[in-house]
1. To the nearest 500 deg cm²/dmol, what mean residue ellipticity at 222 nm is calculated for the chain from DSSP H runs of n ≥ 4 alone, each contributing -39,500 (n - 2.57), summed and divided by the residues?
2. Please compute the volume of the convex hull spanned by the alpha-carbon atoms of the chain and report it per residue in Å³.
3. Calculate what fraction, in whole %, of the accessible area of the chain sits on carbon and sulfur atoms when a 1.4 Å probe is rolled over the protein chains.
4. At 1.4 Å probe size, what's the solvent-accessible area of Thr445? Round to the nearest 10 Å².
5. Where the only charges are on Cβ atoms (+1 Lys, Arg; -1 Asp, Glu), what is the dipole of the chain about its Cα centre, to the nearest 20 debye?
6. Per q in 0.10, 0.13 1/Å, what log10 I(q)/I(0) does a Debye calculation on the alpha-carbon atoms of the range 12-270 return?
7. Residues in the range 72-101, backbone N under 19 Å from the label point at Ala143 (7 Å along the Cα-to-beta-carbon vector): list them, ranges by number please.
8. Please compute P(r) over all alpha-carbon pairs of the range 339-471, binned at 10 Å starting from zero, and give each bin as a whole-number percent.
Amino acid sequence: MTAPDLPFPYDRAALKPRILHLGFGAFGRAHPMVYLHHGLSAQGGDWGVVAARLNSGVAELEALDAAERRYHVAEADGETTTLREIGVLCGTCHPARDGVEALPQLIATPQMAVILLTITEKGYCTKGGALDLDHPGIRADLAGGPPSTAIGVIVAGLAQRRAAGLGGLTILSCDNQPHNGALTRAAVLGFAEALDADLAQWIAAEVRFPSSMVDRIVPAMTEESHAVIREALGRDDPNAILCEPFRQWVIEEDFVGTPPPFAAGGALLVPDVRPFEEMKLRLLNGAHTTLAWLGQLKGHETVADCMGDSALRAVIRQLMLSEQAPTLTLPEEIGVEAYAEELLKRFENTRLKHRLAQIACDSSQKMPQRLFAPIAANLVAGRDWPVSALALAAWIKGLQDLPPIDDPRQADLRAAAQDSDPVTAVLSLPALVPADLLAHPDFLTEVRAAYAALHSGPTEANASILQKVQA
Ligand code: CS2
């Protein structure tokens, strides 16, 4: 156990609101803020953060304010708990408390330099890589209402910056999407174009949208994790967060001006993050989503429980090494076997109660990058993908058998899962599976065979798919 490092190794009084973190939640606390904490500890500086939420979360921000915006991060595995107090926050902001103009105005302050986003996949309001102009939130924001989406807030703020004669800034996505910088740019420009072509041109020229690959397992807090903090700290910290010791952040080197000291805090700044993000999304997140559904159907509650199930562990290893890895162009310095073994070890961490039901949330938004894209690559290359097929089948079976799980498309998904051919009905929902994958003659056939194996047990007709699963 390590005592919290006090006093802060940087001058909190010197921090200015130069970073706005939209969607400040568990991951934000435990990942980008920790990098900044280490960066400021190494280099000093005035890079303070305003933590913001858009919809829910007023109470969370007020709890932070009540604690002078200090909170602890506990990194736990095995017997070890390392506690660290983070002091990089210099303010909080919520439209419901501070008024709808507060966030755009903050974006338009001269010293504001970086907007960090942890708004989850659905927060980008995109469809097929472009802004979804039919999204109800986007429609309302474009109609001139007080902005309610992150994209609407950002564009309102950028418009004010431009009107004030200020320069652009950097918008840094920290969500698990491929090419998350390009996606953010497409969403922001799509919104601006629908409002004012000149503004869109100004944004395209003045604002940078680096992509980044983020990695740290940060489950939602539970009573049990609060008890771990209480024991390590000797008192409660309602704002604390418990996570694994591992952390990784690979950021595209594309900032307006000097970046915050993320690199000094351990982040890797590179010209191209694509190999890293694809590797992480497919091996880690693809395995997570597969476990979320297969594991729940087998009666498991957490990722660590699944790792204690030798058959499931073997299936996940097969997914990583035989189905996901062959679809990747890997960073030179990374050996895929070692990366997969390290992931399995991280998944084994019993100190984290990482609930499968939490990972299963928003699966419609996660499947494309985690499973559909690698399946498509495997079909083109003529490789087998039996575990991926089982993962999709388990999702569909879970939609039928498990309690409802949050997903923006939940109503459609659950209705389709009741069809007499649930595989076809779910996977043919509009704008879910890319058209060329759906049209591939083997795609639905393989998932149907996997579904039949899960639903009615192995039969002659579906035996081949199970034989291909080595466990
Ligand atoms: C998880 C991720 O909930 C999920 O979808 O797969 O939050 C995962 O824990 C992180 O991406 C790990 O870096």
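1. Details: 24 runs with 214 residues, N = 471.
Counting only the DSSP helices, I get -13000 deg cm²/dmol.
2. Details: hull volume 67.5 nm³, N = 471.
In the chain, the Cα convex hull volume per residue is 143 Å³.
3. Details: 9370 of 18340 Å².
With neighbouring chains kept in place, the figure for the chain is 51 percent.
4. 70 Å²
5. Working: 39 positive and 57 negative charges, 51 e Å.
I would put it at about 240 debye.
6. -0.47, -0.80
7. 100
8. Once binned at 10 Å, the Cα pair distances of the range 339-471 give 11, 40, 36, 13, 0.
The values are calculated or read from the model by the stated rules, or taken from the named source; none is laboratory data. These numbers were taken from a predicted model, which means no experiment stands behind them. Heads up, the Cβs are rebuilt from the backbone with ideal geometry, glycines too, and the neighbour counts pull from every protein chain shown. When the accessible area is computed, the model is the full protein with side chains, heavy atoms only, and any ligands, DNA or RNA have been set aside. Shrake-Rupley method; radii C 1.70, N 1.55, O 1.52, S 1.80 Å.
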